Amino acid sequence: MKFNPSHFNCSIMKKSILLISALFVYATICLHAQNNVEFTKANFKKDKNLKKIYTSYVKKGDKFYFYFDRGYLVALDYYLMAYQKHPNSAMLNYKIADCYLHTLYKYKALPHIMKAQELDPAVSYDIDYKIGLSNHLGGNFNEAVKYYNKFKSNYKGANGDSLTMATRRIQECNHGIELEQENLYQVLNLGSKVNSEYAEYVPLIRADQSYMLFTSRRPQRKMDSTITDKMIKGERLSGFDMEYHEDIFKVDHLDDSTWSLPCRFDYSTRKKAMHDACVSLSFDGLTIYNYRSKNNGDLYTCQVENGKWTKTLPMKGINTKYREDHIAMAYDNKTVYFVSDRPGGLGGKDIWKSSRKGNGEWMEPENLGPNVNTEYDEEGVFIHPDGKTIYFSSRGHNTMGGFDIFESTFEEGKWTAPLNMGSPVNSPDDDVFFVLTADGKTAYLSSVKEGGYGMQDIYAITAFEKKKHKKTDVMICKGWVVDKGSKTKLNAKVEIIDNSTGTKVYSGNINAEDGFLVSLPTGVNGRNYEIIVEANGYLTHSENFDLVRNKEVGEFKLNEKIVEIEIEKGMDKDMLVLNNIFFDHNQAELKPESKTVLENAVNKLNANPNYKIEIYGHTDDVGSDAYNQQLSEKRVEAVKQYLIQIGFDQKRIVKVAGYGKTKPLWPNDSEEGRYHNRRVEFKLVQ
């Protein structure tokens, strides 16, 4: 072969480049090995400052990391102080990442776990899983799947649960990729007035949206400037997780987007070193439910009576020796949905249902079944005022990671397949506590999202009704009881009965200023209700009202009905004046809802045998005077016969009379006015 100098020079150059590249890679590996300086005795001998960092920070952090089940936040503080002085320890970076993954700051784990691997790829057997998890919780689903698969391929251990969990995580990532395609919501942080650097969670909204309660881990006293760490003077940390104790706060809703500054909700006095966490609020705001860790975890309740909160008491019949930690009361104040890990469930914590008996005790709870519950934990149940739609959190179903929020509706005797509420409501981290306003337009949830004020924050979800979610058939009824003459507001007992079912949907002793507030299902085409009012020194009063749908737009004109009930003074609070026994136009046959009213009246009359009744019939102005007189008399007779039919003593009916159209209550110039004038009135006499 002929010698070719150019070929020789080229070969030498290629070999030189390869040699230089190899030396560079070797130097890089050595450099990384040198950079990975662990906190070992051998290294302490070389660097006394390293030992000082270990003694001052790492050793103290290890105490909380290894020996306290929930000591990750405190350990993290020490580890981060050590990291500022010595960042090139693979194990320190691994521990920092692991601490983040066990706190509410999971999205901060990724840089540290990647640095741990860079410094020492063999720092821990599960390094690839932890990198996958850090990417997963940061929303990097595709990258997470890559590392989960890498972990499964390289895992040599005998623990099958590790592989099962990695497989489960891959499924969650695939769900996340699908769910991120649909983004119908705008999720807004409620701002620094409500949220703080500490955790805020479990938002609870009164039905009229006038105020919100929430639980926070913020301290009650101000920072002492002489203290350099995060301890607050006068406050004690919880031994469970080394954070401040839970407490309940209240904010008033000033307008659509503005809230007042939080104040501690003083419905009771929290004992020293004791958690106080709200988990549910009745729709009228007169009953609060909270959780306390006694007896493995129990639910408590207290109510407003005569304008004051009663003593907080455990819920007998709901609590067991197992854990009960969340509850939601339906609009009828008789049905509860709660979370428990008692035996008989499908796995972990399940959602259960119980109803109140006539004597106030609770029936044997029933499990909501496999359409709702899974082998994983369910949590944070909320029942909407429509009485048929629940929202809850689950680690099962098609979650994108941790707990996700789901919706299910009771239809045709069973719960529908849960609908994942999607992004950005749900995230790869835990999203647990969620409530929806009665009108279905705004929801509130607590979540950890990047850009928040610290730990969990409370967020509002606007334009919620744009979801696949159905419109809510609910009306907020808000009212007061007043003296008919002076218009003075009164303390009273108020009952509201659904005349289509005969069900008592509300019963409460109200104070004059607050009045009553109740969420009433309207049904598809509207619904009729009866209100019964009792007050000391006043005649017992009953009247009906309809929630009527506007057929032109397919909706109700308002989502809130304001009523003012006028009552008259009398000799006895048990005296009864019944108004508005209704009939259809030109008919003398009782409407079904009127039968329910009459049955309630008979129960009241039979409890007061000293009273007798007078019955008066009325019509609208359609038709001749003679025809309406005759029709009113027929209506009175129909009422009389129905009373006798259901067991009322005929001798106690002392007078019946028809007045035709001569005594209208409303002007007869509209269908609504004529509707109210077609009536039979009851009056109680001695």
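What follows draws every value from the coordinates through simple rules; no lab data is involved. In this text the structure is predicted, and so the values were computed from the model without any measurement. All Cβ positions, even for glycine, are placed from backbone atoms using ideal geometry, and neighbour counts span all protein chains on display.
Taking a 31 Å limit on the Cα-Cα distance, which of the listed pairs Lys51/Lys106; Lys478/Lys604; Lys357/Lys493; Lys106/Lys250; Lys250/Lys604 fall beyond it? Long pairs (Cα-Cα over 31 Å): Lys250/Lys604.
Just check segment 76-145 against the gyration tensor rule for me: Cα atoms, a ≥ b ≥ c as the square roots of the eigenvalues, rounded for a/c under 1.5, and otherwise prolate or oblate depending on whether a/b exceeds b/c. Taking the square roots of the gyration eigenvalues as a ≥ b ≥ c, segment 76-145 is oblate. The phi torsions of segment 184-201, fed into the Karplus equation with coefficients 6.51, -1.76 and 1.60 and a -60° offset, translate into couplings of 9, 10, 10, 9, 10, 5, 6, x, 6, 5, 8, 8, 9, 6, 9, 7, 10, 7 Hz, rounded to whole numbers, with Gly and Pro shown as x. Alpha-carbon geometry of segment 51-106: the Rg and the Dmax are 10.2, 31 Å, given in that order. Partner aspartates and glutamates whose Cα lies under 12 Å from the Cα of Lys591, excluding those fewer than 8 positions away in the same chain, are not found. If each of His253 and Asn295 carries a label point 7 Å out from its Cα toward its Cβ, how far apart are those two points in nm? Reported label-point gap for His253 and Asn295 is 3.4 nm. All C-alpha to C-alpha distances of segment 71-216, sorted into 10 Å bins beginning at zero, yield P(r) values of 10, 30, 30, 21, 8, 1 percent in whole numbers.
Computed over all pairs of different Cα atoms, the Kirkwood value for the hydrodynamic radius of segment 474-685 is 17.8 Å. Annotation: the residues Thr503, Thr335, sorted from fewest to most other C-beta atoms within 10 Å of their own C-beta, follow the order Thr503, Thr335. The Asn174 and Lys308 beta-carbon pair, evaluated with R₀ = 45 Å, returns a calculated FRET efficiency of approximately 0.25. Less than 5 angstrom separates the built amide H of Thr301 from those of Asn290, Leu313, Met315, all sequence-distant by 5 or more or on a different chain.
Between amide H atoms placed 1.01 Å from N, distances below 5 Å from Tyr211 occur with Arg206, His253, all of them 5 or more places distant or on a separate chain. Note on Lys316: aspartates and glutamates with a C-alpha under 17 Å away, same-chain residues under 8 apart excluded, are Asp298, Glu324, Asp325, Asp341, Glu361, Glu364, Glu366.
So for each of 54-63, 410-419, 39-48 I average, over its residues, the number of other beta carbons within 10 Å; can you give me the resulting order with the highest mean first?
Details: 54-63: 18.2, 410-419: 13.7, 39-48: 11.9.
Ranked by mean Cβ neighbours within 10 Å, highest first: 54-63, 410-419, 39-48.
Using a 7 Å offset from Cα along Cα-Cβ at Lys504, what residues in segment 356-370 end up with backbone N under 19 Å from the label point? So the set is 356-363. Between Glu513 and Asn606, the contour length at 0.36 nm per residue exceeds the Cα-Cα span by 30.2 nm. The packing ranking of peptides 478-487, 141-150, highest mean first, is 141-150, 478-487, where packing means the average number of other beta carbon atoms within 10 angstrom of each residue.
Legend: calculated FRET efficiency, Thr164 to Asn88, from the Cβ-Cβ distance at R0 = 25 Å, rounded to 0.05, equals 0.10.
For the peptides 318-330, 437-449, 126-138, the ranking by packing is 126-138, 437-449, 318-330, with the highest mean count of neighbouring Cβ atoms within 10 Å listed first.
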